[in-house]
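Quick notes on the structure that follows.
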Amino acid sequence: MSYNLLKGKRGIVFGALNDMSIAWKVAERVVEEGAVITLSNTPLAVRMGTTDELAKKLNAKLIPADATNVQDLERVFTESMEALGGKVDFVLHSIGMSPNVRKKRTYDDLDYNMLNTTLDVSAISFHKMLQVAKKLDAIAEGGSVLALTYMAAQRTMVGYNDMADAKAMLESIARSFGYIYGREKGVRVNTISQSPTMTTAGSGVKGIDSLFDFAERMSPLGNASAADCADYCVMMFSDLTRKVTMQNLYHDGGFSSMGMSYRAMQQYIKGIDEFRDEEGNIIYG
Ligand SMILES: NC(=O)c1ccc[n+]([C@@H]2O[C@H](COP(=O)([O-])OP(=O)(O)OC[C@H]3O[C@@H](n4cnc5c(N)ncnc54)[C@H](O)[C@@H]3O)[C@@H](O)[C@H]2O)c1
């Protein structure tokens, strides 16, 4: 159902790889709400993924770019303004990748070159995006910029590895840049902290199935899906949230405020004996 919340607005959506991607759902939803958009992803993702199908379906220009490369980002913003006929009103950063996670390096055995890549792709790219946009004056007054994050930035989650550090940095960039961009150009910058979601990036997280199930049982409203996230992004891009900035917004069915739920407790009781060694001692961790 469309409320025409984004009628006449122009946007850029980074990170739609396939129809499971959160960015894919956001792109479909913002167009449904009346926006015109461009799409961007890495040249490799454009070749290997199905982003071009989405671009055709939504009548959106697809601009290949590595979000860690400043010149590429300049091209995305310049070509988007040309294609859309003016400054953009909203931007979605839906980008994350950790080579340490991919190569199964544990957090106490990180490869530091890989850590640099994790931080560059998953966090510093957001700063680069904001800095490029501001220098080009590419975002209209009252515009809204969002990045997607995860609660492992606040609380340790088994298996999330160096992505937790990247997300902490991403959220900090939203606050630091949000101050400057808000003060000087009236542009809002926020992060949405999303439930575990079954996507290509999500499935790289060790034990995602159990994490997904645990979060589902812990959250009074259940996990938020990619489609739910798209709805939240529409609201954040709309004029209904003009005074919301520099926030990390939890979109997780209540998970972040829970300690223990009835459902999780029942599951815990069933499985408690599995966490003892041969001598019957409890294994902590
Ligand atoms: N899936 C989850 O459980 C979950 C939960 C909370 C937050 N998030 C965040 O949501 C965002 C989107 O992830 P997703 O789950 O939809 O997975 P996804 O794999 O569909 O999307 C990740 C995207 O990042 C892109 N990307 C990687 N390196 C890039 C680079 N150098 N330049 C430009 N793009 C690059 C990929 O091509 C891909 O399109 C990520 O920031 C992720 O951390 C995901």
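The values are calculated or read from the model by the stated rules, or taken from the named source; none is laboratory data. All values reported here derive from a predicted model rather than from experimental measurement. No Cβ is skipped: glycine too gets one built from the backbone with ideal geometry, and neighbour counts run over all protein chains shown.
Say whether the condition of being in contact with a His (Cβ under 8 Å, 6 or more places away or on another chain), over 13 Å from residue 145 (Cα atoms) and in a loop (DSSP other than H, G, I, E, B) is met by at least one residue in region 193-206. Step through it out loud before you land on a result.
Let us first name the residues in region 193-206 that are in contact with a His (Cβ under 8 Å, 6 or more places away or on another chain), namely 193-195.
With over 13 Å from residue 145 (Cα atoms) added as a condition, the list becomes 193-195.
Restricting the remaining residues to those that are in a loop (DSSP other than H, G, I, E, B) gives 195.
Yes, that holds for at least one residue.
Restricting attention to region 147-180, and to residues there that are of a type in the set (Phe, Trp, Tyr) and out of contact with any Lys or Arg (no Cβ under 6 Å at 6 or more places or on another chain), which single residue is nearest to residue 216 (Cα to Cα)? Break it down into steps so the answer makes sense when it comes.
Within region 147-180, the subset of a type in the set (Phe, Trp, Tyr) is 150, 160, 177, 179.
Add one more test, that the residue is out of contact with any Lys or Arg (no Cβ under 6 Å at 6 or more places or on another chain), and what stays is 160, 177, 179.
Values: 160: 17, 177: 33, 179: 34 Å.
That would be 160.
This table checks each residue for (1) within 11 Å of the ligand (Cβ to nearest atom); (2) exposed (fewer than 15 other Cβ atoms within 10 Å of the Cβ).
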site	(1), (2)
68	yes, no
77	no, no
84	no, no
89	no, no
96	yes, no
111	no, yes
124	yes, no
130	no, no
144	no, no
Inset, instruction - Hand me the list of helices (runs of 4 or more DSSP H) wholly inside region 207-285 holding 2 or more residues that are charged (D, E, K, R) and under 22 Å from residue 153 (Cβ atoms). - result: 208-218
Inset, instruction - Within region 1-44, track down each residue that is surrounded by fewer than 20 Cβ atoms within 10 Å (Cβ to Cβ) and near the ligand (Cβ under 9 Å from one of its atoms). - result: 18, 20, 44
Inset, instruction - Kindly establish whether residue 156 is touching an Asp or Glu at 6+ places or on another chain (Cβ under 9 Å), among the hydroxyl-bearing types (Ser, Thr, Tyr) and either free of Cβ contacts under 8 Å to residues at least 40 places away in the same chain or part of a strand (DSSP E or B) (or both). - result: no
Legend entry - residue 171 vs. criteria within 12 Å of the ligand (Cβ to nearest atom) and charged (D, E, K, R): yes
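Could you list, in sequence order, the residues of region 239-254 that are of a type in the set (D, E, K, R) and over 30 Å from residue 214 (Cβ atoms)?
Step one: list which residues in region 239-254 are of a type in the set (D, E, K, R), which gives 239, 242-243, 252.
Scanning region 239-254 gives 239, 242, 243.
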Inset, instruction - Could you list, in sequence order, all residues of region 73-114 that are part of a helix (DSSP H, G or I), touching a Ser or Thr at 6+ places or on another chain (Cβ under 7 Å) and aliphatic (A, V, I, L, M)? - result: 76, 83, 84
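Can you tell me which of 83, 67 is at pLDDT 95 or above and within 16 Å of the chain's Cα centre (by Cα)?
67
So, residue 48, is that one within 16 Å of the chain's Cα centre (by Cα), of a type outside the set (Lys, Arg), under 18 Å from residue 199 (Cα atoms) and surrounded by fewer than 20 Cβ atoms within 10 Å (Cβ to Cβ) or not?
Values: within 16 Å of the chain's Cα centre (by Cα): no; of a type outside the set (Lys, Arg): yes; under 18 Å from residue 199 (Cα atoms): yes; surrounded by fewer than 20 Cβ atoms within 10 Å (Cβ to Cβ): yes.
In short, no.
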Legend entry - residue 145 vs. criteria assigned to a strand (DSSP E or B) and under 16 Å from residue 170 (Cβ atoms): yes
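Every residue in region 254-275 that is at pLDDT below 75 and surrounded by 10 or more Cβ atoms within 10 Å (Cβ to Cβ), please. Break it down into steps so the answer makes sense when it comes.
Going through region 254-275, the residues at pLDDT below 75 turn out to be 271-275.
272, 275 - these are the residues of region 254-275 that are at pLDDT below 75 and surrounded by 10 or more Cβ atoms within 10 Å (Cβ to Cβ).
Let's see how each residue does on (1) under 19 Å from the mean Cα position of the chain (by Cα); (2) among the small types (Gly, Ala, Ser); (3) over 29 Å from residue 240 (Cα atoms):
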residue: 6; (1), (2), (3): no, no, no
residue: 25; (1), (2), (3): yes, no, no
residue: 52; (1), (2), (3): no, no, yes
residue: 79; (1), (2), (3): no, no, no
residue: 107; (1), (2), (3): no, no, yes
Inset, instruction - Could you grab me the full set of residues in region 177-217 that are more than 15 Å from the ligand (Cβ to nearest atom) and either loosely packed, with under 15 Cβ neighbours inside 10 Å or closer than 30 Å to residue 271 by Cβ (or both)? - result: 179, 180, 183, 184, 186, 217
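Take the conditions among the small types (Gly, Ala, Ser), crowded, with 21+ Cβ neighbours inside 10 Å and either more than 22 Å from residue 100 (Cα to Cα) or in contact with a Phe, Trp or Tyr (Cβ under 6 Å, 6 or more places away or on another chain) (or both) and apply them to residue 174. Does it pass? Steps first, please.
Values: among the small types (Gly, Ala, Ser): yes; crowded, with 21+ Cβ neighbours inside 10 Å: yes; either more than 22 Å from residue 100 (Cα to Cα) or in contact with a Phe, Trp or Tyr (Cβ under 6 Å, 6 or more places away or on another chain) (or both): yes.
Criteria met by residue 174.
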